[in-house]
Structure formats: structure tokens, C-alpha cells
Amino acid sequence: MFYLIEYHRERGRLVRFDVFPTERRPDAEAARLDLELSLNAAGVSHEVVILEAADEDALRRTHRRYFDDARTIALAGRAAV
Amino acid sequence: MRLSRSQVDRLGERLRGGNISDDDLRLLDAYRQSFAEPYAEVLAVLRDELGLAPTGRLAKSTKSIVEKLERETARLSQMQDIAGCRVITADVEEQDRTIQAIHARFGDVTVVDRRARPSSGYRAVHMIVAIEPHRVEIQVRTALQQLWAELSETLADRFGIAVKYGGGDDVVRELLGATSESVAEIEAIDAALADPDLSPAALARYPKLAARVTGLRAERQLHIDQARALFTRAIANFSAPDP
């Protein structure tokens, strides 16, 4: 699956999260460009990225930053050591 | 649309300036799309041939590309992590096996090992696979290296990207540095304890070896306690930012 993510870094907030089946990669890329153009027109500097993972759980394991705050990640770190 | 190297580098220079036009966003999009095939090839090999579970990043975000261009002198065409993926392993032993398997399969690979020589606390192994004319980056991290990196990224989002590169807020930088060192010590001891020469039979036969293992285990526990204390400080210091 492809995941189109719009992320507000300074606030640590996920703004947009769209899911595309693997065979719709071109649609995900087109959606990314549309989003970047609209954000650019509005003068908004958000991070926009497409990630690919087997499922959302896998994505959340490898890219926690988009989903969890520092406290939650530090809690996971403390539990893992 | 296929861009020449000079077109890509001129685009990079305009992006470095920060004032990005819609045409430049479209050009960058076309450039990033040119990585789709090598990216898919690398991901398929990792997943289908090597039995790994990578998470892919089809292309680096515009924001991250611009920041990297502003931070470094490299040209856009030289950026080696436009497309990439990440593999998480349980521990250093599995990380080493994964690196060897990737190296054996692709051959033409540049390995950047940031475990022994961390970059501002960041520890991982980056493998750059050449699929001409492109490069695809594979990040191989242990679960602990991954958690540290995620904490670092999150704090960089909040306190400024400088904390990832040796600057920024002193408290954040020192906490991340100390945590990285503790994790490194734990992983080094785990790797030492995984030595097949330290079998139960060998420990029973050689008292000096057994004493050394006991010492390593005690040292490991000290580093674990230290890492837990540091993560606890992070928990206390970094609650969610204001909405």
C-alpha cells in the first residue's frame, strides 16, 4: 500500500493521510503533486511524502514520527531497552 | 519527461534559493518519478528474494530536499537518498546478517556504517545501491537505533533541525547524545555476548571466561538502567507541544 502523508512538523501533527493500493502508485504521485502545488500556492510549508508499507501497522513501526509524539516514542524506548 | 543532469542541478540551485515556483515543483516531481523503477526493483529484491519487510519511501519530500540542499554543498543530481527504504532488525547480529545479504545480492553497494562513528548520535547503516543512472538508499537499523532515530526526528521537528547536526537546544542535544551512547554500549555488549565461543559448556569449563561474561552482564545492566533513566527524562521533558 502507498500512503500519502502531509505532516506539520512544528506542531507534530498529521494533517492528511490517504491510502492508495499498490497498483495505484501513479495516482498517489499525482495526488502528491496536486497537494504540493496547493500548499505552495497557499504559502504553507508542510512535509509531503509518499511511503510504502505492507500495511498501516508496519508503517507505524518504521515511521512513528508521523504518528506519535516525543513522549510516546520515549516511552517505547524505555520499554525496549 | 527525462531531465538531463544539468537540468536537475539547475533545478537544485533554484530550490536552494527557497523561492519555489509551480514549474519547479513539476520538474522535481518528474525527477523523483524517474526513481520509481529502481526503487521498485530494490524493494522487490528485499521483500521477495531476501525475505525482509522494508518500508519504502518512494521519494524524499520537497521540504527535506530543500533543507539538505541548503545544509550541504552537494548538487541535487548527487543526492543519494531521493528514493529509499528502511529495514528494521531485532539486534546488531541480525543487522549484520541483513547487510551481508544485501551486499551479496546487489554487489555494487556503498556502505555507510554510522554505528561505530555516529553522526550527532545517529547510528544506523545506510547502503546505497547503484542502479544506473540512479541510487537507492537502504537504511538498516536495529529496533533500538530506530527508536532513537525517531525520537531525534521528532525532537528536531519541535526544537529545530539543528539538534540533528550537533547544534540547537543544549538540553535536547545532550539528552539525545547520552541516550545514543547508552544504546551503543548495550548493543556492543549484546554483540559480544552473542559470541558462539561463550557457550554454556565453555563457560562451565573456563572460570575466567565465565567471570568475564558475568562482568559484561553487569555492565550491560548498568547501561540499561542509564538508558531507562534518560528515556524517563525525555518523557518528563517533552510532553506534547501546544496545539
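Every read-out reported here was derived from the displayed coordinates using simple, explicitly stated rules and does not represent laboratory data. Just so it is clear, the model here is predicted, and its values are computed rather than measured. Every residue, glycine among them, receives a Cβ derived from its backbone with ideal geometry; neighbour counts consider all protein chains shown.
If the chain between B:R105 and B:A130 were fully stretched, how many nm would it gain, using 0.36 nm times the residue separation less the Cα-Cα distance?
Separation in residues times 0.36 nm, less the Cα-Cα distance, equals 7.8 nm.
In whole Å and largest first, what semi-axes does the C-alpha gyration tensor of the stretch B:169-215 yield when each eigenvalue is scaled by 5 and square-rooted? Each step should come with its number before you reach the end.
Details: eigenvalues 237, 17, 4 Å².
Equivalent ellipsoid of the stretch B:169-215: 34, 9, 4 Å, largest first.
Each residue of the stretch B:191-202 in turn: what ³J(HN,Hα) in whole Hz from Karplus with 6.51, -1.76, 1.60 and θ = phi - 60°, glycine and Pro shown as x?
5, 5, 5, 7, 4, x, 5, 9, 6, x, 5, 5
Per 10 Å bin, what percent of the C-alpha pairs of the protein assembly as shown does each bin hold, from zero upward?
P(r) for the protein assembly as shown, in whole percents per bin: 5, 24, 32, 24, 9, 3, 1, 0.
Mind listing P(r) for chain B? All alpha-carbon pairs, 5 Å bins, whole percents.
Pair shares across the bins are 1, 6, 11, 14, 14, 15, 13, 10, 7, 4, 2, 1, 1, 0, 0.
Using the Karplus curve 6.51 cos²θ - 1.76 cosθ + 1.60 with θ = phi - 60°, what ³J(HN,Hα) values do you get for each residue of the stretch A:44-54, in whole Hz, with x for Gly and Pro?
9, 9, 9, 7, 10, 8, 10, 10, 10, 8, 4
What FRET efficiency would be calculated for the residue pair B:A178, B:A90, taking the C-beta separation as r and a Förster radius of 30 Å, to the nearest 0.05?
So, using R0 = 30 Å, E works out to roughly 0.80.
Output wanted: per-residue J couplings in Hz (rounded whole) for the stretch B:25-41, from phi through Karplus 6.51 cos²θ - 1.76 cosθ + 1.60, θ = phi - 60°, x for Gly and Pro.
4, 5, 5, 4, 4, 5, 4, 5, 5, 5, 8, 4, 5, x, 4, 5, 5
If you line up the long axis of helix A:70-80 against the longest principal axis of chain A, both from Cα atoms, how many degrees apart are they, to the nearest 10?
Tilt of helix A:70-80: around 50 degrees.
Say we join alpha carbon atoms closer than 10 Å with springs in a Gaussian network model of chain B; which of B:D48, B:D22, B:D225 then has the biggest fluctuation?
Highest fluctuation of the listed residues: B:D22.
Hey, what D do you get for the stretch B:159-243 in µm²/s if you plug the Kirkwood alpha-carbon radius into Stokes-Einstein at 10 °C and 1.306 mPa s?
The diffusion coefficient I find is 104 µm²/s.
Using the Cα centre of the stretch B:1-87 as the reference point, and only Cβ charges (+1 on K/R, -1 on D/E), how large is the resulting charge dipole? Debye, rounded to the nearest 20.
With Lys and Arg at +1 and Asp and Glu at -1, about 180 debye.
Once fully extended, how much extra length lies between B:E13 and B:A236, figured as 0.36 nm per residue of separation less the alpha-carbon to alpha-carbon distance?
76.1 nm
Provide B:M127, B:M79 in ascending order of the number of other Cβ atoms located within 10 Å of each residue's Cβ, fewest first.
B:M79, B:M127
Give me, ordered by chain and number, the residues 5 or more places off B:T142 or on other chains with an amide H under 5 Å from its own placed amide H.
B:T89
What is the spread of the Cα atoms of the stretch A:6-81 along each of their three principal axes, largest first, in whole Å?
Taking the Cα atoms of the stretch A:6-81, the three principal extents are 43, 32, 12 Å.
Can you bin the stretch B:55-159 into rounded, prolate or oblate? Criterion: square roots of the alpha carbon gyration tensor eigenvalues sorted a ≥ b ≥ c, rounded for a/c under 1.5, prolate for a/b above b/c, oblate for the rest.
oblate
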